[in-house]
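**Q** The structure is given below, and queries will be raised subsequently.
The values are calculated or read from the model by the stated rules, or taken from the named source; none is laboratory data. Because the structure is predicted, anything quoted here is derived from the model rather than measured. Cβ: placed from backbone, ideal geometry, glycine included. Neighbour counts: every protein chain shown. For accessibility, only protein heavy atoms count, side chains too; no ligands or nucleic acids. Shrake-Rupley method; radii C 1.70, N 1.55, O 1.52, S 1.80 Å.
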Amino acid sequence: MIKSKIEWCDSTFNPVTGCLHDCPYCYARGIATRFGGCDLAPDGKTEKQIITLTERLKVTTKAGAVHNAAYPYGFTPTMHEYRLKDPSTRGFGEIVFVCSTADLFGWWVPDEWITKVFDACKAAEGHRYLFLTKNPQRYVQLESKGLLPELDTFWYGSTMDRLMADVFKSNRHNTFVSMEPILEPFPYPSSPEALRDNWIIMGAETGNRANKVVPERGWVEPYVNFCKENNIPVFMKDSMRAVWGEDIITEFPWGD
């Protein structure tokens, strides 16, 4: 694990990195491109669509220093099996965002990878694990196979950057929605299905992308009012200060 600057978690755990969604606003792709490459593939490129690594690869700098390669093959989806023991490390905080630089539930990810990550998290008690995907249908598929753990410490999130985006809802699992980046207005929900959300995270697009979307308070205020009326906790990331104001809401769905 590593300490995280993401406001709603304490640390991140990345046994899988990389993604094939190709979102134009993806911060993780920029990081992987910047720090990608290894001695076997200095440019970080590979002809393979997914990679499995059983041991760490090294990268040698122009100055001759040798370091662990964080993204040996750039943003190509990669299973770093040697990282699976990392959750047992103590002192990294209770709330862990799993695969912050990947989509663990993308269509290209083998069930085996997902199961190994779940098993590693279950083996390391004392943490709350949060998962997030833009492909929530995968949760449904895993549940049908009996592969989606029903644990109080596991939280399954869906990214909803647009109103019509799919989200995963369940009466047997902890679920949440991450509205980030907010790309369009979110009116007051009309469906009672929204009552089944356990938590809402909100965040505006960051960075300097040419077509960067800058949301307005009115885009989310109806949704925030709905959450207040139905006792659904809301957590706004710091990027929402320019949208909501300095009095951003930072609620969690669990007690201290």
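**Q** Please pick out the residue among Leu130, Leu151 that is surrounded by 14 or more Cβ atoms within 10 Å (Cβ to Cβ) and either free of Cβ contacts under 8 Å to residues at least 60 places away in the same chain or on the phi > 0 side of the Ramachandran plot (or both).
**A** That would be Leu151, the only listed residue that is surrounded by 14 or more Cβ atoms within 10 Å (Cβ to Cβ) and either free of Cβ contacts under 8 Å to residues at least 60 places away in the same chain or on the phi > 0 side of the Ramachandran plot (or both).
**Q** A follow-up question, please. Looking only at segment 73-117, filter to residues that are part of a loop (DSSP other than H, G, I, E, B) and among the hydroxyl-bearing types (Ser, Thr, Tyr); which one of those is modelled with the lowest pLDDT?
**A** Filtering first and then ranking leaves Thr89.
**Q** Which residue is surrounded by the fewest Cβ atoms within 10 Å (Cβ to Cβ), if the candidates are limited to segment 233-247 and must be more than 21 Å from the chain's Cα centre (by Cα) and either within 12 Å of Trp199 (Cβ to Cβ) or touching a residue at least 12 places away in the same chain (Cβ under 8 Å) (or both)?
**A** My answer is Gly245.
**Q** Conditions: (1) in contact (Cβ under 8 Å) with a residue 60 or more places away in the chain; (2) touching a Lys or Arg at 6+ places or on another chain (Cβ under 6 Å); (3) not polar (S, T, N, Q). Trp108 meets all but one. Number of the miss?
**A** (2)
**Q** Is it the case that segment 213-232 has a residue that's part of a loop (DSSP other than H, G, I, E, B), open to solvent by 20 Å² or more (accessible area, probe 1.4 Å), at pLDDT below 95 and under 22 Å from Asn135 (Cβ atoms)?
**A** yes
**Q** Continuing with the same structure: Name the residue that is surrounded by the fewest Cβ atoms within 10 Å (Cβ to Cβ), counting only residues in segment 193-212 that are among the hydrophobic types (A, V, I, L, M, F, W, C) and within 23 Å of Leu132 (Cα to Cα).
**A** Only one residue tops the list, namely Leu195.
**Q** Let me ask you something else. Looking only at segment 46-77, filter to residues that are exposed (fewer than 12 other Cβ atoms within 10 Å of the Cβ) and under 25 Å from the mean Cα position of the chain (by Cα); which one of those is nearest to Asn211 (Cα to Cα)?
**A** Selected residue: Gln49.
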